[in-house]
Amino acid sequence: MHVIVADEDGPNRSEVVSYLEDNGIQTTTVAARSDLFRSIDLHDPDVVILEKRFGSVESLDLLPAIRTKSAVPVILVGGGAADEGDRVIGLETGADDYLSRPLALRELLARTRAVIRRRDIDYTQKPRSRYRRYRFADWLFDQRERRLERIDGTEQPLTNTEFALLSAFVVASGKALSREHLLRVTRRHDDISDRSIDVQVLRLRRKLDDGATNKKLIRSERGVGYLFDIDVRLD
């Protein structure tokens, strides 16, 4: 069993790592966002324990980016004042569990093992996959193949930024995502550097919209950002 512990706070990180290793769990520590993605690629961990406030970045904003590249279970650890909204958003945008500080280390260990058991049950009948396939409207979005196609097989090419945007939207369908959130999700891609997020969303919207019914799948939310206004299901 291998767990990545992602926390910029050295004492907190050491406390968690020591307890997990004392209980027979191999750990890798991460203190920066760039190291997190590299560590996931390198170690293919069983679980990531992710501090909600990770440096200058809210981990709630990192979850969609993690989900574009890995199906690894994520346990979020938040401050003691975490409200219900943070818990719900965290769970609905990709976290598998949520714990608040002060941490009960025995509970963290038990929840880590429980998350791994659930994952193992989920994948008993099929190979473990880093990516997912989503269906919405008359579209199929395959993250592994980086392919978006209609049910008739017509493929719609996506840029790197459009792929990242769509990945963020499908895991949070029905919820408004701020422009700042979408910028953070797409920041890893070079082609976002000199263009506004509004232009990128508009281009993706034009590719997705159904001209026959005038149905807009990506809806502008005044003062907030954008909402993916369609039911999404795993294929």
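The values are calculated or read from the model by the stated rules, or taken from the named source; none is laboratory data. Everything quoted here is computed from the prediction, not taken from an experiment. Note: ideal-geometry Cβ built from the backbone for every residue, glycine included; neighbour counts use all protein chains shown.
Numbers at a glance
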| item | result |
| --- | --- |
| Pairs with Cβ under 6 Å, 6+ apart, first in region 210-223 and within 13 Å of Ala137 (Cβ to Cβ) and modelled with pLDDT under 90, second among the acidic types (Asp, Glu) and assigned to a loop (DSSP other than H, G, I, E, B) | Lys216/Asp209 |
| Total residues in region 34-59, condition outside any strand (DSSP E or B) and crowded, with 20+ Cβ neighbours inside 10 Å | 5 |
| Answer residue from region 104-119, given it is modelled with pLDDT under 85 and closer than 21 Å to Asp22 by Cα and is surrounded by the fewest Cβ atoms within 10 Å (Cβ to Cβ) among those | Arg117 |
| Pairs where the first residue, in region 13-32, is in contact (Cβ under 8 Å) with a residue 40 or more places away in the chain and the second is of a type in the set (Ser, Thr, Tyr) and crowded, with 17+ Cβ neighbours inside 10 Å, C-beta under 9 Å, 6+ apart | Val16/Thr27; Leu20/Thr27; Leu20/Thr112; Ile25/Thr112 |
| Check on Ser196, modelled with pLDDT of 80 or more and either closer than 20 Å to Ser34 by Cβ or not hydrophobic (A, V, I, L, M, F, W, C) (or both) | no |
| Of residues in region 138-155 being loosely packed, with under 14 Cβ neighbours inside 10 Å and closer than 19 Å to Ser173 by Cβ, the one modelled with the lowest pLDDT | Ile151 |
| Residue count for region 83-112, restricted to those that are touching a Lys or Arg at 6+ places or on another chain (Cβ under 9 Å) and assigned to a helix (DSSP H, G or I) | 4 |
| Residue, surrounded by the most Cβ atoms within 10 Å (Cβ to Cβ), within region 1-21, restricted to residues that are more than 19 Å from the chain's Cα centre (by Cα) and among the β-branched types (Val, Ile, Thr) | Val16 |
| Pairs where the first residue, in region 152-176, is among the basic types (Lys, Arg) and the second is part of a loop (DSSP other than H, G, I, E, B) and modelled with pLDDT under 90, C-beta under 9 Å, 6+ apart | Lys175/Thr93 |
| Looking only at region 120-137, and only at residues there that are of a type outside the set (Ser, Thr, Tyr) and surrounded by 12 or more Cβ atoms within 10 Å (Cβ to Cβ), the one that is modelled with the lowest pLDDT | Arg130 |
| Boolean, Gly24 is of a type in the set (Gly, Ala, Ser), within 15 Å of the chain's Cα centre (by Cα), not assigned by TED's automatic domain parsing to the domain that holds Val185 and not in a helix (DSSP H, G or I) | no |
| Residue match in region 156-175 (condition: farther than 24 Å from Val72 by Cα, of a type in the set (A, V, I, L, M, F, W, C), modelled with pLDDT of 85 or more and surrounded by 15 or more Cβ atoms within 10 Å (Cβ to Cβ)) | yes |
